[in-house]
Amino acid sequence: MEIRVAAIQMGAVGPKDENVRKAKAMLDSLGTLHPCPHFICLPEMFSYLPDPEDDFEAIDRVAEEIDGPLSDMFSEYARKLKSYIVAGSQIEKRNGKHYNTSLLFEPNGNLLTGYSKTHLFDTPDYKESWFFAPGDRSIVVDTEYCKIGMIICYDIRFPELLRTLTLRGTELIFLSSSIPYGWDVSRGGPLADPH
């Protein structure tokens, strides 16, 4: 069976409302495709990328609970486009903590599941643990096309997670990611200054 997948590529630069407008414009452009993709995937932290200067209150202002406005937006787009949407990831507010969470919406607009990043990216220069608590479970879901798993960015560095997904029957893994500009992925740190 052929599976059509669209990846929305964008950087979360600037305020949340501007990033959300950019994501909506890209989703609208997918509505011109005939047929539409079976799956649409957005990047990690598509709506707001935490800055090292942010504190708990700054993050809390942009965070949303699962049933917030971003969920409403993706539910509407999933119905409109008749596609599964892997909603990148957003800052989820839950039980007094924040999580880096990706939501999966069905073509009928229902929220099927959510996955919170389990392996936080911590280096001497930037620590996700400044902002987020780690998730504690892997996600595998059945769709009419295939069984899918979800991971977020740095999770890819931990083969036991992917092995777990595979052993649970996953046929397609969605990886939402956001690599900072000027970052040397092989070294896990900033690019060396060439001067």
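Nearest 0.05, what FRET efficiency do Asp122 and Arg61 give at R0 = 25 Å with Cβ-Cβ as r? Numbers along the way, then the final one.
Numbers: r = 23 Å, r/R0 = 0.93.
Calculated transfer efficiency: 0.60.
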(request) Divide, for the range 5-183, the radius of gyration over alpha carbons by 2.2 N^0.38 Å, where N is the residue count. (result) 0.98
(request) Report relative contact order for the chain in percent, whole number only (criteria: Cα-Cα under 8 Å, sequence separation at least 6). (result) 17
(request) In whole Hz, with x marking every Gly and Pro, tabulate ³J(HN,Hα) for the range 4-20 from phi via Karplus 6.51 cos²θ - 1.76 cosθ + 1.60, θ = phi - 60°. (result) 9, 10, 10, 10, 8, 10, 7, x, 7, 10, x, x, 4, 4, 5, 5, 5
(request) Return the sequence-ordered ³J(HN,Hα) values of the range 71-78 in whole Hz as given by the Karplus equation 6.51 cos²θ - 1.76 cosθ + 1.60 applied to θ = phi - 60°, using x for Gly and Pro. (result) 4, 4, 4, 5, 4, 5, 5, 4
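Taking the Cα centre of the chain as the origin, how large is its charge dipole in debye, to the nearest 20, when only Lys and Arg (+1) and Asp and Glu (-1) carry charge on their Cβ atoms?
Roughly 600 debye for the chain.
Within the chain, what's the longest stretch lacking GluC sites (Glu not before Pro) that sit in DSSP loops with no more than 16 other Cβ atoms inside 10 Å? Spell out each step's value before the answer.
Values: sites that count: Glu2, Glu53, Glu65, Glu144, Glu171.
Longest gap between qualifying sites, sites excluded: 66-143.
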(request) Using only Cα atoms, locate the centre of the range 152-169 and the centre of the range 74-115, then give the distance between them in Å, rounded to an integer. (result) 20
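Each reported figure results from applying straightforward, stated rules to the coordinates on display, with no laboratory input. Just so it is clear, the structure is predicted and the values come from calculations on it, not from any experiment. Ideal geometry is used to build each Cβ from the backbone, glycine not excepted, and the neighbour counts take in all protein chains shown.
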